[in-house]
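Following: one structure in structure tokens, then a few remarks.
The values are calculated or read from the model by the stated rules, or taken from the named source; none is laboratory data. Since we're looking at a predicted model, the values are computed, not measured. Glycine also receives a Cβ, built like all others from the backbone with ideal geometry; neighbour counts cover every protein chain displayed.
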Amino acid sequence: MDNRPIGVFDSGVGGLTVVKEIIHLLPHEEILYLGDTARVPYGPRELDQVRGFMFEIVNFLRKQDVKLIVIACNTATAAGLQDAQEINNVPIIGVIEPGARAACLSTRAKKVGVIATKATTKSDAYRRIISTMDGQTEVFTRACPTLVNFIERGELEGGRIKEEVRSYLGPLIEEGIDVLILGCTHYPLIEGLIKKIVGEDIQIINSARVTAQEVKRILTAEVQLRHSDRPPRHRFLATGSGRLFFEIGGWFLGQEIEETETIDLHSP
Ligand code: DGL
């Protein structure tokens, strides 16, 4: 038994898609969520800079005494998950490997599409990892640089975002993919819209869901699940504005976010 919280972070509101799935699978666990809203978006930045942000946040979460860290951000996972795992003794998981594994198991056509930020696309992380899992599967990656801004503005529907999504997905559909990985944790917030555009024949992999399953597997194997009579109390931290946590979090997580705390990553 281990009653310490699970630390989860992302550049902004996207990692809440992972929190939602963890709460669904592990309703007794406590979550400490950090959104780096002062520096969102990560996608247009250089991977080295994002790696620096990731180390700062991992150090901060370790000081908060979390039992497991989930990098609920593809861009930060691509930038340096392995480095973070090597130098930390707390378990750290990212979102790329679970999604890639689920895609390899699902594709019949052996053609997988990935939509992601510019930095994740540039890192080629999905293609590299899928080639180690299944050398026969082709990977088609498409950067969608405007989507995170739409989502961080709370613009999740309407003609403008629909047009953008349609133009990003068109070339992938033409390649004949039968599986599409949502390679950015912001995208499950518009999964319904994406589904309408790709249709029934393309299966969507929401890495948030498979990452939550990985969290459950690790905590169960390490006998680290929380046991308490007290209901879990989640905390939501932001380095900048936490506005969207209130606006989206409530309907999205199925529970009100009553409070967000603004923090300085460098204060003790
Ligand atoms: N949600 C993040 C990801 O999965 C980052 C998006 C961004 O900040 O550009 O890549």
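A few comments on the model shown:
- Residue match in the range 211-220 (condition: over 21 Å from Ser11 (Cβ atoms), surrounded by 13 or more Cβ atoms within 10 Å (Cβ to Cβ), over 17 Å from the mean Cα position of the chain (by Cα) and in contact (Cβ under 8 Å) with a residue 24 or more places away in the chain): yes
- From the list Lys118, Lys110, Lys67, Lys63, the one residue that fits, being within 15 Å of the ligand (Cβ to nearest atom) and in contact (Cβ under 8 Å) with a residue 24 or more places away in the chain, is Lys118.
- Counted residues, the range 150-200 - those being away from the ligand (no atom under 16 Å from the Cβ) and either touching a Pro at 6+ places or on another chain (Cβ under 7 Å) or part of a loop (DSSP other than H, G, I, E, B) (or both): 8
- Every condition in (1) in contact with a Lys or Arg (Cβ under 9 Å, 6 or more places away or on another chain); (2) not in a helix (DSSP H, G or I) is met by Asp83 except one, and the failing one is (2).
- For the range 141-160, a residue qualifies if it is of a type outside the set (D, E, K, R) and surrounded by fewer than 19 Cβ atoms within 10 Å (Cβ to Cβ), and the qualifying residues are Pro145, Thr146, Asn149, Gly154, Leu156, Gly158, Gly159.
- Within the range 107-160, the only residue that satisfies the criterion of being modelled with pLDDT of 95 or more, under 21 Å from Arg45 (Cβ atoms) and of a type in the set (Asp, Glu) is Asp124.
Residues checked against (1) part of a helix (DSSP H, G or I); (2) aliphatic (A, V, I, L, M); (3) more than 13 Å from the chain's Cα centre (by Cα); (4) more than 16 Å from the ligand (Cβ to nearest atom):
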position	(1), (2), (3), (4)
Met1	no, yes, yes, yes
Phe9	no, no, no, no
Ile22	yes, yes, no, no
Tyr33	no, no, no, no
Arg39	no, no, yes, no
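- Of all residues in the range 70-83 being within 12 Å of the ligand (Cβ to nearest atom), more than 15 Å from Arg128 (Cβ to Cβ) and not β-branched (Val, Ile, Thr), the one that is surrounded by the most Cβ atoms within 10 Å (Cβ to Cβ): Cys73
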